[in-house]
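In what follows, a single structure is set out as structure tokens and then discussed.
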Amino acid sequence: MSVKDYLLGRYPGDENKYFIGRMMEYLNRCERNKQRVFTDFLHPLQVKIATELARSQSSVQLGFHGGFEDAERRMAVFLPEWDSVKPEEFPVEILKITDRGWGRTLSHRDFLGALLGIGINREKVGDLLVRERVCFAAVHRDIAGFVETNLERAGRSSVTVERVAGEDLQIAPKYSEMRITVASPRLDSVVGSVFGLSRAKSAGLINSEKVKVNWDVCNRTDAALQQGDIVSVGGKGKFKVGEFAGTTKKGRSIMVIKLYK
């Protein structure tokens with residue numbers, strides 16, 4: 001079975017089919033021309049698919065950068081095995097969008113909607129980090145100037161836009177940290193413990209495909225979570241699995257959980 005057929009079977013759906021085909025084109029172009037090929041911003045499931053694809057070809061490697069530390073949406077680059085790439089070589093710009101209004105505080109949805117509203121494709125936009133009345137947006141370099149010139153409003157507020165150096169930003173993560181103890185790192189156990197649900201209720205959410213692990217729907221209640229996994233639960237929230245901090249005297253696992261606000 002070819003890697004393309006495997007990926008199409010593993011990740012069904014028209015959107016994934018189109019994405020896999022596009023990544024195959026990028027990989028083949030890199031191998032054929034022996035030069036770097038950059039993608040637009042990818043969400044975590046696409047990052048996973050691209051990584052699996054790149055592993056199938058020893059002459060091509062893959063790099064990622066999202067503009068921020070621990071970025072979820074990241075740009076990928078296919079490059080020859082002998083090449084290397086630095087973060088500043090990715091075509092990523094950080095825009096500081098400042099709310100100049102005096103009304104309600106703008107949300108992530110407001111800022112994203114404003115960008116899409118001036119004709120920007122979602123794939124050209126990475127993570128948006130909203131702090132008080134400022135949004136730091138990672139965008140593709142080829143649309144940064146357009147956004148600076150044309151983005152004037154978000155929600156009902158006027159905004160200003162300027163480019164900033166991503167490496168100079170020190171933005172605190174927007175999550176609360178908690179520790180839980182579970183018999184094992186099963187998905188249903190962890191989801192139940194994080195959100196205060198019974199095992200039956202957390203299993204019901206999983207079975208009804210309302211739970212995603214690393215952006216991929218997971219309907220296995222016994223799926224074992226690992227450090228770094230990102231879990232989103234419809235109607236409840238999203239968290240990241242931190243370190244495994246040992247065991248209790250009764251042998252239960254202690255897990256550090258980062259719950260996104």
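An ellipsoid equivalent to segment 1-141, defined through the eigenvalues of its Cα gyration tensor, has semi-axes of 32, 17, 11 Å when rounded to whole angstrom and sorted largest first. The percentage of C-alpha pairs in segment 92-168 whose separation is greater than 19 Å is 23%. Listed cross-link partners LYS212/LYS236; LYS34/LYS124; LYS124/LYS238; LYS86/LYS240; LYS210/LYS236; LYS48/LYS124 are compared with a 21 Å cut-off, the Cα-Cα value being larger for LYS34/LYS124; LYS124/LYS238; LYS86/LYS240. If exposed chymotrypsin sites (Phe, Trp or Tyr not before Pro) are those in a DSSP loop with at most 12 other Cβ within 10 Å, what is the longest stretch of the chain that has none? Longest run free of exposed loop sites: 103-261.
Dividing the Cα radius of gyration of the chain by its Kirkwood radius returns 1.00 for Rg/Rh. Here the label points at ASN121 and ASN207, each 7 Å from Cα along the C-beta direction, are separated by 4.1 nm in the simple model. Annotation: extensible slack from TRP215 through LYS4 equals 74.0 nm (criterion: 0.36 nm per residue apart, minus Cα-Cα distance). Overall, the ratio between the Cα radius of gyration of segment 175-260 and 2.2 N^0.38 Å, rounded to two decimals, is 0.98. Highest GNM mean-square fluctuation among ASP40, ASP110, ASP99, for the chain modelled with Cα contacts below 10 Å: ASP110. Spacing of the modelled spin labels on LYS48 and ARG156, each 7 Å from Cα toward Cβ, amounts to 4.1 nm.
Here is how the number arises for the chain: DSSP H runs of 4 or more residues each give -39500 (n - 2.57), the sum is divided by the residue count, and the result at 222 nm is -9000 deg cm²/dmol.
Using R0 = 35 Å, the C-beta based FRET efficiency linking LYS250 and SER176 works out to 0.85.
Annotation for ASN33 and PHE146: the two label points, set 7 Å from Cα along the Cα-Cβ direction, are 2.1 nm apart.
Charge tally for GLY235 (other residues, Cβ to Cβ under 12 Å; Lys, Arg +1; Asp, Glu -1): +4. Across the options PHE41, ILE143, GLY192, the greatest Cα extent toward the positive end of the charge dipole of the chain (unit charges at beta carbon of Lys, Arg, Asp, Glu) belongs to GLY192. Comparing GLY242, GLY101, GLY13 in a Gaussian network model of the chain (Cα springs below 10 Å), the most mobile by mean-square fluctuation is GLY13.
Given 0.36 nm per residue, what is the gain on full extension from PHE195 to GLU243 after removing their alpha carbon distance, in nm?
Details: separation 48, 0.36 × 48 = 17.28 nm, distance 1.85 nm.
The PHE195-GLU243 span can extend by a further 15.4 nm.
Only the coordinates and a few stated rules stand behind these numbers; no lab work does. Since this is a predicted model, take the numbers as computed values, not measurements. Every residue, glycine as well, gets a Cβ built from its backbone with ideal geometry; the counts of neighbours run over all protein chains shown.
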